[in-house]
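The values are calculated or read from the model by the stated rules, or taken from the named source; none is laboratory data. Quick caveat: nothing in here was measured; it's all calculated off a predicted structure. Neighbour counts are summed over all protein chains in view; Cβ atoms, including those assigned to glycine, are modelled from backbone coordinates with ideal geometry.
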Ligand SMILES: CC(C)(COP(=O)(O)OP(=O)(O)OC[C@H]1O[C@@H](n2cnc3c(N)ncnc32)[C@H](O)[C@@H]1OP(=O)(O)O)[C@@H](O)C(=O)NCCC(=O)NCCS
């Protein structure tokens, strides 16, 4: 059961809330989940080629709309989610609330706070040509950082760097176009993991990262360009939506 404190929209204490959704839990509820969506979202849902991707997206979008409704004290179906020029989503007429969402495998994570925020989750089993990705998307300094930290757990180290980089792209809203603007460290659990941001080491230190394991087998990062935040972790269960 959710309490009002779980979705308190007063982020004055520099709080960021992270919600994890395990899509498997929502599998039987597709008709109910669809009732949270607007017609354009239902059209998008119908267009996914893979049923698994469609199911993940549906649970994540329904969960997101449910949570936004609670934080904003609005009817879920009155909320209109729009996207900026590079795809960053926001709630129309509610600019005081910032959020971001990411899905991977059967997991979705949502960050909700009062400042620009980015979040990214990756399944550690995801098949990726790590050598090629490191060469193509990471700078020589980042590749050296990966080499320094990868020994104990190469996959986890790789996706640690990946999620940090993606979370930054999503916080700024630049998307993939911003990839070259940030250089991160692969060192574990490092809140100030940005090494240079737009070629500046000084600006880099304004970035804050929070690394977490939403469920075993996954790694995730939240990124935010502001002083450190208090992070509150939550799990969204299907029975909360339909209580
Ligand atoms: C948005 C992006 C940054 C990440 O997408 P992704 O990793 O495929 O998918 P995720 O599940 O993590 O995130 C998808 C969500 O990001 C959000 N999003 C899309 N564009 C965004 C942007 N410009 N800024 C912030 N959020 C954005 C959307 O809400 C989307 O969710 P939705 O489909 O439910 O609406 C995308 O630009 C991308 O293609 N990234 C790949 C970059 C890459 O190749 N990196 C390699 C190494 S770092």
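Summary of values
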| quantity | calculated |
| --- | --- |
| Matching residues in the range 79-91 - criterion: being at negative phi and surrounded by 10 or more Cβ atoms within 10 Å (Cβ to Cβ) | 79, 80, 81, 82, 83, 84, 86, 88, 89, 90, 91 |
| Complete set of residues in the range 108-141 that are near the ligand (Cβ under 10 Å from one of its atoms) and either closer than 13 Å to residue 223 by Cα or within 14 Å of the chain's Cα centre (by Cα) (or both) | 108, 109, 110, 116, 117, 118, 119, 120, 121, 122 |
| Count of residues meeting criterion [assigned to a loop (DSSP other than H, G, I, E, B) and under 22 Å from residue 63 (Cα atoms)] in the range 187-240 | 7 |
| Qualifying residue in the range 16-29 (condition: loosely packed, with under 15 Cβ neighbours inside 10 Å, over 17 Å from residue 235 (Cβ atoms) and at pLDDT below 90) | yes |
| Qualifying positions in the range 142-168 - within 15 Å of the ligand (Cβ to nearest atom) and free of Cβ contacts under 8 Å to residues at least 12 places away in the same chain | 143 |
| Residue list for the range 107-136, restricted to those being in contact (Cβ under 8 Å) with a residue 40 or more places away in the chain and part of a loop (DSSP other than H, G, I, E, B) | 114, 115, 116, 124, 125 |
| Residue count, the range 71-106 (criterion: closer than 16 Å to residue 33 by Cβ and either part of a helix (DSSP H, G or I) or within 12 Å of the ligand (Cβ to nearest atom) (or both)) | 5 |
| Failed item, numbered, when residue 189 is tested on (1) within 30 Å of residue 234 (Cβ to Cβ); (2) modelled with pLDDT of 95 or more; (3) surrounded by fewer than 15 Cβ atoms within 10 Å (Cβ to Cβ) | (2) |
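Yes or no, residue by residue, for (1) farther than 20 Å from residue 138 by Cβ; (2) over 13 Å from the mean Cα position of the chain (by Cα); (3) within 15 Å of the ligand (Cβ to nearest atom); (4) modelled with pLDDT of 95 or more:
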{"position": "182", "(1), (2), (3), (4)": "no, yes, yes, no"}
{"position": "198", "(1), (2), (3), (4)": "no, yes, no, no"}
{"position": "206", "(1), (2), (3), (4)": "yes, yes, no, no"}
{"position": "210", "(1), (2), (3), (4)": "yes, no, no, yes"}
{"position": "213", "(1), (2), (3), (4)": "yes, no, no, yes"}
{"position": "221", "(1), (2), (3), (4)": "no, no, yes, yes"}
{"position": "226", "(1), (2), (3), (4)": "yes, yes, no, no"}
{"position": "229", "(1), (2), (3), (4)": "yes, yes, no, no"}
